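*Asks:* First the structure, which I've put down as structure tokens, then a few questions once you've had a look.
The values are calculated or read from the model by the stated rules, or taken from the named source; none is laboratory data. Note that the structure is a prediction, hence the values are computed from the model and not measured. So basically every Cβ, Gly included, is an ideal-geometry build from the backbone, and we count neighbours across all protein chains shown. Just so you know, the surface numbers come from the protein's heavy atoms only, side chains and all, with ligands and any DNA or RNA stripped out. Shrake-Rupley method; radii C 1.70, N 1.55, O 1.52, S 1.80 Å.
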Amino acid sequence: MRITCPLCGPRDRREFYYYGSEDYLTRPEGEDWDAIDAHLHLRNNPAGRVRDLWYHDMGCTSWLVVTRDTVTHEVFGAALVADGGVSISAKMKSKGGAA
Amino acid sequence: MRIDGKGSVDRAAPVRFRFDGVEYQGFKGDTLASALMANGVRVVGRSFKYHRPRGVLTAGSEEPNALVEIIEDRQQTPNVRATVQEIYEGMEAKSQNRWPSLKFDVLAVNDLAAPFLSAGFYYKTFMWPRAFWERIYEPLIRRAAGLGSLSGRHDEADYEKAFAFCDLLVIGAGPAGLAAALQAARAGADVILADEGVAMGGRLLADSGQIDGKPAGEWVRDVLAELGAMPNVRLMTRTSVTGVYDGGTYSALERVGLHVAARPDLPRECFWRIVAGQAVLAAGAQERMIAFADNDRPGIMTASAIRTYLNHYGVSLGKRVTIFANNDDARQTARDLMAAGVEVAAIIDARPDAPVAEDCPVYAGAEVVGTKGRHGLTSITVRHRGGDMQIETDCLGVSGGWNPLVHLTCHMNGRPVWDASLAAFLPRAGAVPGMHVAGAAAGVFSTAGCLTSGAAVAVQALGVLGRKAVPMELPLAENAGYDILPLWEVKGKGRAWLDFANDVTTKDVRLAAQENFASVEHMKRYTTQGMAPDQGKNSNVGALAVLADATGRGIPETGTTTFRPPFSPVSIAAMGAGGRAEGFAPQRFMTSHSASVERGAPMIEAGMWYRPSYFPRMGESTWREACDREVTMVRGTVGVCDVSTLGKIDIQGRDAARFLDLVYTNMFSTLPVGRVRYGLMLRADGHVLDDGTTARLGENHYLMTTTTAAAGLVMRHLEFVAQAYCAGWDVRFISVTENWAQFAVAGPMAKALLETLVEVDLPFMGCGPVQLDQVAARLFRISFSGEQGYEIAVPARYGEALFRDLLARAETMGGGAYGMEALNVLRIEKGFITHAEIHGRTTAFDIGMEKMVSAKKDCIGKGAAARPGMVGAERDQLVGLRPVNDVAISAGAHLFNPGTEVTRVNDQGYVTSVGYSPTLGGYLGMAFLRDGRARHGEMVRLVDHLRKIDVLCEVSDPVFHDPEGVKLRG
Amino acid sequence: MADLIAKTPLWGQGAVVSGGVTLAEVDLGQVTSVAPFVGQEKTLAAALKPLVFPAPNMVSAKGAARLVWTGRGQAFLIGAVPDGLDGLAALTDQSDGWAGVSLTGAGAVDVLARLIPLDLRDMAVGACARTSLGHMAVVLIRVKDGFELLVFRSMARTAWHELEVAMKMRAARLAC
């Protein structure tokens, strides 16, 4: 598997650390237990496109939102979290239980 | 026997080798198989289950029979295919799966018991009594069945791994692959051409064909010369592409040093990861057998293998050869043999309308129905026009047609497509993104067709790569058709083998169908067909055809099993190349490493770091003596300890304070410059991530320390918080762990020691720059021991010198170095936590630090930490423990209320850290106890079944030593 | 008063030559990480002259001074004093945190192909990369005769060992 880091270019999967769904980017505030639960635990598990967080640990230390397909394994692209993770276009954004 | 004038082995270079203790001679260029055949050796192994004598079946990596052990000085490699292994001077090979000898094998008795050993026999036979399975049946079966044996030693030979990148990877260097590589290379693309053979050319080397009116070998030489001279081409011989992975990544195994005697630093194999923009699969096709009674005798082989041994190695196993085929291609074997002067007794052609004009008898519409010869074929029985006849023959070449090698097209879940006219599975178009299939692998069997298809797919690939193809004229070559009459099995009496390597016959497949293991995946697992080292390359298509017949379904409906990597066997050692010792995990050394080792300190691993366990002195015979002395030394005089392994993160910017307030539970924006504060960090889920001290070096400049264990984790966490939640904030941070060597100087005389070096004027939890001669250093007044303590940091280049200097000064004051053991006891006495306590399941509440979660501000994990169930009496809370008797207690032990039964439901908590305290004269423990803070003064029962400890302990506050912190501040 | 002797990360380690490739420790001189503060990019650019803050994977060089891109919003100023940059960028001394080694000779690329999962085909002088050397983070800089590698000081011996093993295996292949 290869991921094209927006800064470093195409790199082997081994340079990256996997975290989880982009849902982690939406941080709940206060003591809204449901929102916290959704942020931490509630995930969709789609057969198809997902947007996940990866860390370019052995590279530029950027956090990335990687769009890929869980069925074909195709990687569509990666965007910098620091840029709002937007360069992949917001249309792919699929929200699950998180409010 | 050798055939004069044939083959490309170097007749001027004899090579001596041994097989089963007997010395033979072959030539440079021989495989073990060809050399043994040249010496008339027919039996090379015994079959897996029935221990039948077996000979060489093929001439390639798919060989199911000729599996041998290669014996070297410190190495014993089992299941080596004799058809791949090149001979070298002094090579020692041994046959497998026989005892006491290949000729006389005791377990050949299994063959007589065959009626009882059919598919699934052990599921049925060895069921009862149940206890017998593990102790009797399984060991027995393991000894009887199975392949080679291992040396029992670690494999300490050299293996290599490597990465390669190219525009186009061409897999297979037969006519299609060579044409593809040439087409792409001429267009300027970076090409890797990989072939599993020693020499490139594929079947052009094994057949006697011509290209452009010259022997095909000359064309191959010319093409390779052109490719070899191009800087954009890499030719990789002895390299099997074994797997296809996501993103154009391919694995390949190169046999680097297996064809020569072991020599220093020469890797045996190299495991390649090749990343290719596009790929051409030109892996060719593999000839398949026909199942007929006793078709496994030594001397029976594929017709194309006979041709390969004749044309490429100059060897014929037979003096009087017969051919049994259902297609035109096998005729060439007969013609080549006759041209070389080898007698061909007959061609038995299953096709009723087969042409009969050859220079030998041809029986059209005939079948081989039986064979004779225990240790080598002596005759075959042929059924022709309703009658049987015997033909004396010592070698039978069989061709049931050709299977395109579609394997790699199926590694990403692709399924091949059945082609009835070729009676073969073909690759499904687009099964692997970026992979094009050419030549025989795509079902194109003529040489001219291969050349055309190779060049054509290369042009396609170039198009995707955005390169313009240069027009290329293809040479003239054979363009024969491929006429085949499907024939999988000759029905009749006797056992007809499908899977030679796992001893699976047509009968077994039919039995599977009869017992309703009718899906191809079930049949495979029930019979073990296709599960041997050849992974069914010689038997899958035949077996599923027999299954299709038995179940009344067609072949396409029956389908294939799943093709998975690797294409051919890959040694684990090659896949794990470079993964031992330093290659497994880098060794991180502190600047004080040599000085500690010189003092006899055993170095222990702390993550990747190596830290001194203790510093033994004369007269001390156990680590405990040294540890007790070091603890007492720190409490009494002064100790020095290298603490450079702690993570140090330099944080700067106008928003640095704000950032720290977000990641720490407590407030850092209020910390004065020149002061240090202890901080606690939570994960998003509210559990403790890490702790440490952070110093404010300037208004917008902080220095954070992390624990050794979590340094990388914290860095990743800070990056996430900064990038995900703090866009636009003016905060910059970078690790400076490696830049500074830092030493703890602790004990009542710590200040006195440091004053001999630098100016020491710091309040408790103060910090500041100091000048150490010419060196700009940093001094912190912090303590992890509970004593008056300082940490002094210098640029790492001075680390070793300062450590030695500090030790010398400490020793003159009655102090010295202390190691990890003493450090651990000191912190337990003081109730300081480490990752033994903040192990990922504990909260700030659990460790008694909930007051450190500031109510005045938000922080990561704050909301989650306040959830129901995360606080309260039901939580296990940090306490101290002291056994009532002076006995050793252990970390990992569990706690129970006195008088209750020691069962899981009565569990009250567990011990995280223990140590013997010379200060308090007994063992101390830190533990998590249900509602523990309300239970100080109570007794609990500590039980460790593993170490046989069962003792009452008194629960207390975790701070045993100097609870008021007088010494710390003094 | 202490008289502290300075030691390089690979103190006592002589250069190794194998198969025409040379591995040697490099004295990097002063190394400072430079991470521009928010809104200071223009002022910083002026202060950096004649160097420029490098684009990702690039090196800006003038004489002995080099500004090497080392990550998101970060570069290392190597071989020069970071004068006049205070307040424009977060500056940290990294001079002692890294071991520098050079791998030179025609086969250097082949040696690195054993350890670095990176496409080095088009890496020209003036380019750099953050990547991994085995399990170690590395700053890889293309130089005239080969490469310079920066690894964490504590891992210098491991990096050296790994490179030396790769060199020897390559040499043994050449001799085979």
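*Asks:* Give me the extension gain from B:Val673 to B:Thr562: residue separation times 0.36 nm, minus the current Cα-Cα distance, reported in nm with one decimal.
*Replies:* Length gained, B:Val673 through B:Thr562: 33.4 nm.
*Asks:* Here is a follow-up. 5 Å is the cut-off here: which amide hydrogens, built 1.01 Å from N in the peptide plane, fall below it relative to B:Gly766, excluding neighbours closer than 5 in sequence?
*Replies:* B:Val676, B:Arg781
*Asks:* Percent of accessible area on the stretch B:230-287 owned by carbon and sulfur, 1.4 Å probe?
*Replies:* Details: 890 of 1670 Å².
Within the stretch B:230-287, the accessible surface is 53 percent carbon and sulfur.
*Asks:* In the stretch B:216-287, with Lys and Arg counted as +1 and Asp and Glu as -1 at Cβ, which of these residues, B:Gln286, B:Thr242, B:Trp272, has the Cα nearest the positive end of the dipole, that is, farthest along it?
*Replies:* It is B:Trp272, whose Cα lies furthest towards the positive end.
*Asks:* Now for a separate question. Using only the alpha-carbon atoms, what does the stretch B:506-577 span along each of its principal axes? Please give whole angstrom values in decreasing order.
*Replies:* Per principal axis, max minus min of the Cα coordinates gives 48, 21, 16 Å.
*Asks:* Nearest 20 debye, what's the magnitude of the dipole of chain C about its Cα centre given +1 on Lys and Arg Cβ and -1 on Asp and Glu Cβ?
*Replies:* Dipole size: approximately 440 debye.
*Asks:* Each residue of the stretch C:54-68 in order: what ³J(HN,Hα) in whole Hz does its phi give by Karplus 6.51 cos²θ - 1.76 cosθ + 1.60, θ = phi - 60°, with x for Gly and Pro?
*Replies:* For the stretch C:54-68, the Karplus-derived couplings read x, 5, x, 6, 10, 10, 9, 9, 8, x, 7, 8, 9, 10, 9 Hz, x marking Gly and Pro.
*Asks:* Skip the ligands, DNA and RNA, and give the accessible area per residue of the stretch C:31-95 with a 1.4 Å probe, whole Å².
*Replies:* That works out to 42 Å² per residue.
*Asks:* Along the stretch B:495-504, what does the Karplus equation 6.51 cos²θ - 1.76 cosθ + 1.60 (θ = phi - 60°) give for ³J(HN,Hα), rounded to whole Hz, x for Gly and Pro?
*Replies:* Each residue's phi maps through the Karplus curve to give 8, 10, 7, 9, 9, 5, 5, 10, 6, 10 Hz.
*Asks:* Under 18 Å Cα to Cα from B:Lys493, which aspartates and glutamates show up? Leave out anything in the same chain fewer than 8 places away.
*Replies:* Qualifying aspartates and glutamates at Cα under 18 Å: B:Asp111, B:Asp294, B:Asp296, B:Glu367, B:Asp388, B:Asp503, B:Asp508, B:Asp549.
*Asks:* What does the C-alpha gyration tensor say about the overall shape of the stretch C:31-95? Classify as rounded when a/c is under 1.5, otherwise prolate if a/b is larger than b/c, or oblate.
*Replies:* Rounded, since a/c falls under 1.5.
*Asks:* Okay, next question. Could you state the angle between the C-alpha long axis of helix B:447-465 and the longest principal axis of the C-alpha atoms of chain B, as a value from 0 to 90 degrees rounded to the nearest 10?
*Replies:* 30
*Asks:* Working out 0.36 nm times the residue gap between B:Lys372 and B:Arg320, then minus their Cα-Cα distance, what length gain in nm do you get to one decimal?
*Replies:* 17.3 nm
*Asks:* Net charge within 9 Å of B:Ser240 by Cβ-Cβ distance, Lys/Arg positive one each and Asp/Glu negative one each, not counting B:Ser240 itself?
*Replies:* Surrounding charge for B:Ser240 is -1.
*Asks:* For the stretch B:342-357 and the stretch A:1-54, what is the separation of their C-alpha centers, rounded to whole Å?
*Replies:* 66
*Asks:* Then there is this: Mind checking the per residue accessible area of the stretch B:837-947 for me, 1.4 Å probe, whole number of Å²?
*Replies:* On a per-residue basis, 44 Å².
*Asks:* Which pairs, out of B:Lys28/B:Lys161; C:Lys7/C:Lys49; B:Lys6/B:Lys28; B:Lys830/B:Lys862; B:Lys372/B:Lys491; C:Lys42/C:Lys62, put more than 22 Å between their alpha-carbon atoms?
*Replies:* From B:Lys28/B:Lys161; C:Lys7/C:Lys49; B:Lys6/B:Lys28; B:Lys830/B:Lys862; B:Lys372/B:Lys491; C:Lys42/C:Lys62, over 22 Å: B:Lys28/B:Lys161; C:Lys7/C:Lys49; B:Lys830/B:Lys862.
*Asks:* Please turn the phi angles of the stretch B:834-839 into ³J(HN,Hα) values with the Karplus equation 6.51 cos²θ - 1.76 cosθ + 1.60 (θ = phi - 60°), one per residue in order, whole Hz, x for glycine and proline.
*Replies:* 10, 6, 5, 8, 8, 8
*Asks:* Hey, can you list the residues from the stretch B:773-812 whose accessible area shrinks by 50 Å² or more with all protein chains present, relative to the chain by itself (probe 1.4 Å, no ligands or nucleic acids)?
*Replies:* Output list: B:Asp773, B:Arg797.
*Asks:* Taking all pairs of distinct Cα atoms, average 1/r, flip it, and tell me the Kirkwood hydrodynamic radius of the stretch A:2-94 in Å to one decimal place. Please list the in-between numbers first.
*Replies:* Details: mean 1/r = 0.0723 Å⁻¹.
Evaluated over the stretch A:2-94, this radius sits at 13.8 Å.
*Asks:* Over the stretch B:497-565, what percent of the accessible surface lies on carbon and sulfur atoms, probe 1.4 Å?
*Replies:* Values: 1220 of 2410 Å².
That fraction is 50 percent.
*Asks:* Return the whole-Å distance between the Cα centroid of the stretch B:200-238 and the Cα centroid of the stretch C:129-176.
*Replies:* The distance from the Cα centre of the stretch B:200-238 to that of the stretch C:129-176 comes to 36 Å.
*Asks:* Helix B:820-830 versus the longest principal axis of chain B: what is the Cα-based angle in degrees, 0 to 90, to the nearest 10?
*Replies:* Tilt relative to chain B: about 50 degrees.
*Asks:* Follow-up. May I ask for the accessible area buried between chains B and A, both sides summed, probe 1.4 Å, to the nearest 100 Å²?
*Replies:* Accessible area lost upon association: around 2100 Å².
*Asks:* Which distance in Å, rounded to a whole number, links the C-alpha centroids of the stretch B:637-702 and the stretch B:559-582?
*Replies:* Spelled out, the Cα-based centre of one part sits 46 Å from the other.
*Asks:* For B:Glu358, what residues show an amide H to amide H distance below 5 Å, using hydrogens built from the backbone and excluding near sequence neighbours?
*Replies:* none
*Asks:* While we're on this one: Computing the accessible area with a 1.4 Å probe over protein heavy atoms, can you report the carbon and sulfur percentage for the stretch A:2-94?
*Replies:* 49
*Asks:* Moving on. How far, in degrees from 0 to 90, does helix B:623-636 lean away from the longest principal axis of the Cα atoms of chain B, to the nearest 10?
*Replies:* Taking Cα atoms only, the helix is inclined about 30 degrees.
*Asks:* With +1 on each Lys and Arg Cβ and -1 on each Asp and Glu Cβ, and nothing else charged, work out how big the dipole of the stretch C:109-176 is about its Cα centre, in Debye to the nearest 20.
*Replies:* Values: 10 positive and 7 negative charges, 24 e Å.
Rounded to the nearest 20 debye, it is 120 debye.
*Asks:* Quick one: net charge around B:Lys537, please, counting Lys, Arg +1 and Asp, Glu -1 for every other residue with C-beta under 15 Å from its C-beta.
*Replies:* Summing Lys/Arg as +1 and Asp/Glu as -1 gives -2.
*Asks:* Here is a further query. Can you tell which of B:Ser644, B:Asn295, B:Phe659 lies farthest toward the positive end of the dipole of chain B, using +1 and -1 charges on the Cβ of basic and acidic side chains (Lys, Arg; Asp, Glu)?
*Replies:* Checked the options; the winner is B:Asn295.
*Asks:* Would you be so kind as to list the residues of the stretch B:676-716 that have their accessible area lowered by at least 40 Å² in the full protein complex compared with their chain by itself (1.4 Å probe)?
*Replies:* Residues meeting the cut-off: B:Ala684, B:Arg716.
*Asks:* Calculate for the protein assembly as shown the 222 nm mean residue ellipticity that helices alone would give, adding -39,500 (n - 2.57) per DSSP H run of length 4 or more and normalising by residue count, nearest 500 deg cm²/dmol.
*Replies:* That calculation yields -5500 deg cm²/dmol at 222 nm.
*Asks:* Run the Debye formula on the Cα coordinates of the protein assembly as shown, all scatterers equal and no solvent, and tell me log10 I(q)/I(0) at q = 0.06, 0.07, 0.09 1/Å.
*Replies:* The calculated log intensity ratios at q = 0.06, 0.07, 0.09 Å⁻¹ are -0.66, -0.85, -1.18.
*Asks:* For the C and A pair, go ahead and give the buried accessible area with a 1.4 Å probe, both sides summed, in Å² to 100. Write down the numbers at each step before the final one.
*Replies:* On the way: alone 9600 and 6330 Å², together 14910 Å².
Chain pair C/A: roughly 1000 Å² of buried accessible area.
*Asks:* What does the charge count around B:Gly799 come to, taking other residues whose C-beta lies under 11 Å from its C-beta (Lys +1, Arg +1, Asp -1, Glu -1)? Write out the running numbers ahead of the final one.
*Replies:* Details: positive: B:Arg797, B:Arg804, C:Lys7, C:Arg153; negative: B:Asp642, B:Glu738, B:Glu800, B:Asp805, C:Asp96.
Residues near B:Gly799 contribute -1 overall.
*Asks:* Please compute the per residue accessible area over the stretch B:474-579 with all protein chains in place, 1.4 Å probe, rounded to a whole number of Å².
*Replies:* 42
*Asks:* Just to be sure I understand the model, the point goes 7 Å from the Cα along the line to the Cβ. What's the resulting B:Arg263 to C:Cys176 distance in nm?
*Replies:* 1.0
*Asks:* While we're on this one: Under a crude label model (7 Å from the Cα following the beta-carbon direction), how far is C:Val17 from A:Thr4 in nanometres?
*Replies:* Here the modelled spin labels are 4.4 nm apart.
*Asks:* A further question follows. Given a cut-off of under 8 Å on Cα pairs at least six residues apart, what relative contact order in percent is computed for chain B?
*Replies:* In percent, rounded to a whole number, it is 9.
*Asks:* Just want the answer: with Cβ charges of +1 for Lys and Arg and -1 for Asp and Glu, which residue in B:Trp740, B:His717, B:Val760 is farthest toward the dipole's positive end in the stretch B:708-864?
*Replies:* Result: B:His717.
*Asks:* Right, here's the next one. In debye, nearest 20, what is the charge dipole magnitude of the protein assembly as shown about its Cα centre with +1 on Lys and Arg Cβ and -1 on Asp and Glu Cβ, if you could check?
*Replies:* Details: 129 positive and 137 negative charges, 235 e Å.
That gives the protein assembly as shown a dipole magnitude of about 1140 debye.
*Asks:* May I pose another question? Leaving out ligands, DNA and RNA, calculate the buried accessible area for the pair B and C with a 1.4 Å probe, summed over both sides, in Å² to the nearest 100.
*Replies:* Chains B and C together bury approximately 4500 Å².
*Asks:* Amide H neighbours of B:Gly243 under 5 Å, at least 5 residues apart or on other chains, H built in the peptide plane: list them.
*Replies:* Under 5 Å from the amide H of B:Gly243 lie the amide H atoms of B:Ser251, B:Phe567, each far enough along the sequence or on another chain.
*Asks:* Where in the stretch C:104-133 does accessible area fall by at least 20 Å² between the isolated chain and the complete protein assembly, at a 1.4 Å probe radius?
*Replies:* C:Ala113, C:Arg114, C:Pro117, C:Leu118, C:Asp119, C:Arg121, C:Arg130, C:Thr131, C:Ser132
*Asks:* Turning to a different aspect of this structure: Do you know the relative contact order of the stretch B:195-329, to the nearest whole percent, from alpha carbon pairs under 8 angstrom that are 6+ apart?
*Replies:* Relative CO of the stretch B:195-329 lands at 21 percent.
*Asks:* Once the Cβ-Cβ distance between A:Val71 and B:Met575 is put in as r, and R0 is 25 Å, what FRET efficiency do you end up with, to the nearest 0.05?
*Replies:* Computed FRET efficiency for A:Val71 and B:Met575 comes out at 0.40.
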